[in-house]
Amino acid sequence: MTGLPGPPDQPRDQHADPHADPHADPHADPHADPLAGPSPEGPGPRDAPGPRAYGPPPVGPPVGLPPAGPSLRLSPRVLLTEPIRTLPSLLLPLTGVLFLGGFSSGSFGWAAFGLVGSVLYAVVRWATFTYQVIGDRLELTRALIGRSVRTIPLERIRGVDVSSPPLHRLLGLAVLRIDTGAGGAKQEGELDGVTLVEAERLKAALLWHARARAARRAGARGTVAAHGGGPAGAAVTVPAGPLPGSPAPAEPVPAGPSPVAAVPPTRHRTGEALPERVLFVVPRRWLAYGPLSGSYLLTPFAFVAGAAGLAFQWGSELRIDGRIVVGAGEWLWGHPLLLAGALVVLVLAMPVLGAAMYAVFNWDFTLRARDGYLVAERGLLTRRSVSLERRRVRGFELVEGLAERWAGVARAWAIVTGLGDSGTRGQLLSAIPRRTALDVVREAVGPILTGLRPHPPVARRRRLFRAVFPWLVTAACAAVAARAWPPLWWAVAVALVLAVLGVPLGLDRYRSLGHTHEGGRLSVRSGSLRRSQVVIEERAVVGWTLRQTWFQRRAGVLTVVAGVGAGSGGYAAIDVGEAQGVAFAAEVTPAWLAPFTEDDPPS
């Protein structure tokens, strides 16, 4: 999409405020409701600069909504990306057409017809897709054969993500995704093909509208309470200042005023408007910590598996007999030295390729605080920006893999209500030194809780049993089978080694267990290969689950799960004592468990 055109420029006073909107009315009140229409009494004198408090809300229909404007389209440059993106799906059919036609002129004609048809289809989709801000909602309209309208209330917008895949970056485009907290991709809006300038501008405008409505509701509640005899609420202040991303972009497609272009140079919010702050920028030298998480180390093997899959999938299309591929694998298996050399090369390439892939996804990881949002930006080829509304953040999760703990490295995720794909979108920090991560998380969300309460000794026995016993059973089964087939004795040896390694693993799992409650927040921790400590607010807890298996009942322990309307939905304190677990839940929410924990009155 292209720019959102504004009204024509007006002559400006040479003594005017240099930070004022160049398109603003010189006689308008700079502190009036920026989204409301003109006053019926005409323009009035300027008020003194500074914050202004609103009085009681007017009675009647809501005001302050942006006027309806013309429907807008995506940038025409997106037409250059559609054929390229659809080419992989067309490659196999077009290749089949050429092979079936013997590469004759007719076959090339049909292939060209298919390409032209895909381009025309992209043009039609671009021409029939529009979006428009109408009053208090954003409408995305698709009118190809049937008419489909997706309506997104502006007050339901929880965040706006901006990403730029490689092809989009070459053309100066971006993908803007709107998070409504519905938890599913089908419930959210997407604008694939807006200009970078327009994406940032529209993102600032939509988030600004959400903040404005929150401030109005808070001000209305406070005013009603004050006039109803209750405690007076805080008034809504409107500090002056330009809206982020307000410069008008280029490339206007539709004529006439834009529904979002009229965003004013002031901000609505409850409390003081803070300037943007960069909380942390991950130094590039710390990208070397990436492979310590473990998943990126498998990158070379993933490449080999992908190449083998392509060979089997495309072999028939390229007239490559599958027996040739199988024969190549058998030949490699018959040369063990060559196979061992290939495995050594793959193992040596693990840290190198793992670090490279990690850098591609986490290049210049930056965490900002902007207008009540935490904004995380990262990516080398595909640059992605994710906004998390701070008032919906309920806590954080600190994750440390086994190798990361040895290196003193940790990663952090925010626990946010109504956030879809929280495993990716909720990440606050990539792998950085643990002390630095705790400092950044303390400033962004809150401090971590220490002094975790230990779990009973029976939990240690259960951790050791679960880490050792399965491998002993595997070794016994392999030993029985090895009597019939002697080569399986190596499996027995491997299982016994893993059983021995399970002892320190089980002990470490027990040391990682812990829970606590302090200062209106609770924390649980567990795991060894992936140790996770979660810190959440009391208000985030919506329920408790006390779970006991048959083995836990015999051991006298249970698992306490705090149900949370954010993040993964629940966080568990594993293998706590029965009385300890009930006391923990009652300590966090005493009123909920009081009917179940009070002693019976004496008879």
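The values are calculated or read from the model by the stated rules, or taken from the named source; none is laboratory data. No experiment lies behind these values; they were computed from the predicted model shown. Here the Cβ positions follow ideal geometry from the backbone for every residue, glycine too, while neighbour counts run over all protein chains shown. Only protein heavy atoms, including side chains, enter the accessible area calculation; ligands, DNA and RNA are left aside. Shrake-Rupley method; radii C 1.70, N 1.55, O 1.52, S 1.80 Å.
Miscellaneous remarks
- Under Karplus coefficients 6.51, -1.76 and 1.60, residue-wise ³J(HN,Hα) of the stretch 196-208 in Hz, glycine/proline x: 4, 5, 5, 4, 5, 5, 5, 4, 4, 5, 5, 5, 5
- In this simple spin-label approximation, Ala481 and Glu538 carry label points 7 Å from Cα along the Cα→Cβ vector, and these lie 5.5 nm apart.
- With θ taken as phi - 60° and the Karplus curve 6.51 cos²θ - 1.76 cosθ + 1.60 applied, the whole-hertz 3J(HN,Hα) list for the stretch 382-398 is 10, 8, 10, 10, 10, 10, 10, 5, 5, 6, 9, 7, 10, x, 8, 10, 9 Hz, x standing for glycine and proline.
- Long-range Cα-Cα pairs in the stretch 531-603 (distance over 21 Å), rounded percent: 31 percent
- One decimal place: the segment Asp364-Leu501 gains 45.5 nm when fully extended, by the rule 0.36 nm per residue minus the C-alpha distance.
- For the stretch 457-511, alpha-carbon Rg relative to the globular expectation (2.2 N^0.38 Å, N residues): 1.29
- Contact order normalised by residue count of the stretch 492-575, Cα under 8 Å, 6+ apart, percent: 21 percent
- Taking label points 7 Å from Cα along the Cα-to-Cβ direction, Arg461 and Ala594 give a separation of 3.8 nm.
- Relative contact order of the stretch 457-511, defined on C-alpha pairs under 8 angstrom at six or more residues apart (%): 52 percent
- Ordered from largest to smallest accessible area (heavy atoms of protein chains, 1.4 Å probe), the residues Val480, Val281 come out as Val480, Val281.
- In order through the stretch 115-128: 3J(HN,Hα) via Karplus (6.51 cos²θ - 1.76 cosθ + 1.60), integer Hz, x for Gly, Pro: 5, 5, x, 5, 5, 5, 5, 5, 5, 5, 5, 5, 6, 9
- Taking 0.36 nm per residue of sequence separation and removing the Cα-Cα distance, the Phe303/Met350 pair yields an extension gain of 15.8 nm.
- Between Leu429 and Ala412, the built amide H atoms are under 5 Å apart, and every one of these is 5 or more places off in sequence or on another chain.
- In this calculation the C-beta distance from Trp490 to Ile134 is compared with R0 = 56 Å, giving a FRET efficiency of 0.20.
- Simple spin-label estimate for Leu380 and Ala143 in nanometres, 7 Å along Cα-Cβ: 4.6 nm
- For the stretch 331-471, the alpha carbon positions stretch 63, 50, 28 Å along the principal axes, listed from largest to smallest.
- Between Gly408 and any residue 5 or more places off or on another chain, the built amide H atoms are never under 5 Å apart.
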